[in-house]
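The values are calculated or read from the model by the stated rules, or taken from the named source; none is laboratory data. Just so it is clear, the structure is predicted and the values come from calculations on it, not from any experiment. Note that each Cβ is placed from the backbone with ideal geometry, even for glycine, and that neighbours are counted across all protein chains shown. Just so you know, the surface numbers come from the protein's heavy atoms only, side chains and all, with ligands and any DNA or RNA stripped out. Shrake-Rupley method; radii C 1.70, N 1.55, O 1.52, S 1.80 Å.
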Amino acid sequence: MKLPVLLALTLLGSAAAQARWSESSYANIGGWQPAQSWCDTPGRVLAVTTPAAETGPVKLAQWVGGKLSVQNWQLGRPEPGAGQVYTPLIPAGQTQSQNPEYFIHSSNIENTLDPQYRMTHINEYVVPAGRFGCRYVPGATVLAATAKHTVIVWESGGKVTYASRNRDGTPGIQLTGGTHTRVSGRERYVWNNAGYRYVLELGQPGQPGGRLSVLKGTKLLSREELLAYSISVQK
């Protein structure tokens, strides 16, 4: 008779013990700024800055071929649906219409309110240039974009894994056995592979920014500045 109560308490305790995640996103739009969201696609990267309130003026940034264009827009009031959220994007100076032509489509299920998800699923951006489906990587702790690559980091149980995707959508490389440390307030991820060292550095909320470097021994072979990134940490 007491078993159902004990089982319920056990399940409740298990749920409470689950990790809760806090996601932060940033974009380098003439300087690093907090991002309401951003969208990684094979042909371009898009980002919208965080407005001062839930709605209001924002910057809509797009990188195509590594070249940045920025426009003034407004973020409208989010319109939740069955598992979906549509956040209107409104040209500067106009008012929100009943059926917005442009919007950010995200999930109200796959987000950090549920401990199963480390990041919010941004499905797509619909802007004057077209409809763009966004890369989503379940369980990633870092998702970042450079002009040449997508960078993905998974971290779980002390294991730190790296994967990259080329900007044209083709696979890059995958590395395991990485390390994660915090150096001078910056997150530092390092992987060693056949004499090469891959280093990803990310700033924290007060000092955002990041870069991906590849070294052989002490020689710097390449350095790619990030255009945008999201990082999810345990609360």
**Study point:** Accessible area (Å², 1.4 Å probe, nearest 10) - Glu225
**Key:** 90 Å²
Review point. For the chain, what is the relative contact order in percent, using Cα pairs closer than 8 Å and at least 6 residues apart in sequence?
Key: 17 percent
Exercise for review: Quick one: order Val64, Val153 from most to least accessible surface, probe 1.4 Å.
Suggested key: Val64, Val153
**Study point:** Selected from Gln98, Gly139, Gly83, residue furthest toward positive end of dipole (the chain; charges at beta carbon)
**Key:** Gly139
Point to revise | Accessible surface, the chain, averaged per residue in Å² (probe 1.4 Å) | key: 53 Å²
Point to revise | Net charge dipole size for the stretch 52-206 [Lys, Arg +1 and Asp, Glu -1 on Cβ; Debye, nearest 20] | key: 600 debye
Point to revise | Shape category assigned to the stretch 57-101 from the gyration tensor of Cα positions, a/c cut at 1.5 | key: oblate
Exercise for review: Over the stretch 55-126, with every protein chain in place, what whole percent of the accessible area is carbon and sulfur at 1.4 Å, could you tell me?
Suggested key: 48 percent
